[in-house]
Amino acid sequence: VVQGGGDSAKTVSILQYLTFIAALKPKTKILVAADTVPNLKDGAISSFERYVREDFIEHLSDYNKADKVQNFANGSAIKFKSFEGEMAAGGAEWDYAFFNEANMFNYDLFWQIQRKTRTQILLDFNPTSEFWAHSQIIKGQEAQYRDKWRHFILDHRHNPFLSEEQHKEYESISDPELFRVYARGLTGKVTGLV
């Protein structure tokens, strides 16, 4: 569970991690999920193309644009996908699943995908307010997740690729709730304020 403030590099870091795994472990099936196709394209796919693909180019083979699948020379694949509902998520098996901006997913959809994921599930989100990841996973309301997760909190200070000016912008946020969420990556109560 990776919660983080603005420009904390959480999505890019997770995509780098998953791409590294796909390159090392032949025939690994990885899902990168977003709540909608536009968010998938503007978020995870854009981040992959901008920050990750070039570093792993020697391990990649073709990219199926229609199916949004990045294939690897060793038979691994990363599928970028959005789901219309939990019933559409129940069929495929995955080795790894990444829920990009997990707070945009409903819990039932997450549950359907996690039950068919065999190795590891990753979540990232801006913690504008508590949602099912906090209640079901972190606070342990769902017994099946107890003692099976790690929680990371990141913020812009963890991203060495930002300019000093960009860091200063986050440090100068005057609203305390917005500062808490976007400058420190801590869970806030800003739903409806943004």
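Values as computed for the structure displayed
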{"quantity": "Kyte-Doolittle mean at least 1.0 and Cα axial length at least 15 Å: DSSP H helices in the chain", "calculated": "10-24"}
{"quantity": "Integer Hz, Karplus 6.51/-1.76/1.60 couplings in order for the range 91-98, x for Gly and Pro", "calculated": "x, 6, 9, 10, 7, 9, 9, 10"}
{"quantity": "Those trypsin sites (Lys or Arg not before Pro) in the range 1-78 that DSSP places in a loop and that have at most 11 other beta carbons within 10 Å", "calculated": "27, 65"}
{"quantity": "Candidates per trypsin sites (Lys or Arg not before Pro) in the range 87-165, loop by DSSP, up to 12 other Cβ within 10 Å", "calculated": "115, 139, 146, 148, 150"}
{"quantity": "Length added when fully stretched, residue 42-residue 142, from 0.36 nm per residue minus Cα-Cα", "calculated": "32.8 nm"}
{"quantity": "Above-threshold pairs, the threshold being 19 Å between Cα atoms, out of 41/116; 139/189; 41/148; 25/65; 168/189", "calculated": "41/116; 41/148; 25/65; 168/189"}
{"quantity": "Ranking by accessible area, most exposed first, for 93, 101, 165 with a 1.4 Å probe", "calculated": "165, 93, 101"}
{"quantity": "Sites residue 129 and residue 49 - FRET efficiency at Förster radius 30 Å, r taken between beta-carbons, to 0.05", "calculated": "0.50"}
{"quantity": "Calculated FRET efficiency for the pair residue 171/residue 107, C-beta based, R₀ 45 Å, to 0.05", "calculated": "0.85"}
{"quantity": "Cβ-based net charge around residue 180, under 15 Å, with every Lys or Arg adding one and every Asp or Glu removing one", "calculated": "-2"}
{"quantity": "Relative contact order of the chain, pairs being alpha-carbon contacts under 8 Å that are 6 or more residues apart, as %", "calculated": "30 percent"}
{"quantity": "Hull volume in cubic angstrom per residue (convex hull over the Cα atoms of the range 1-106)", "calculated": "104 Å³"}
{"quantity": "Those GluC sites (Glu not before Pro) in the range 1-90 that DSSP places in a loop and that have at most 14 other beta carbons within 10 Å", "calculated": "84"}
{"quantity": "Euclidean distance between Cα centres, the range 1-20 to the range 54-117, Å", "calculated": "15 Å"}
{"quantity": "Carbon + sulfur, % of accessible area of the range 60-194 - ligands and nucleic acids excluded, 1.4 Å", "calculated": "50 percent"}
{"quantity": "Total charge dipole magnitude, the chain, about the Cα centre, Cβ charges on Lys, Arg, Asp, Glu only, Debye to nearest 20", "calculated": "680 debye"}
{"quantity": "Cα Rg over Rh - the chain, Kirkwood", "calculated": "0.97"}
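The values are calculated or read from the model by the stated rules, or taken from the named source; none is laboratory data. Fair warning: this is a prediction, and the values are worked out from it, not measured in the lab. Here Cβ is always computed from backbone atoms with ideal geometry, including for glycine, and neighbour counts include all displayed protein chains. Only protein heavy atoms, including side chains, enter the accessible area calculation; ligands, DNA and RNA are left aside. Shrake-Rupley method; radii C 1.70, N 1.55, O 1.52, S 1.80 Å.
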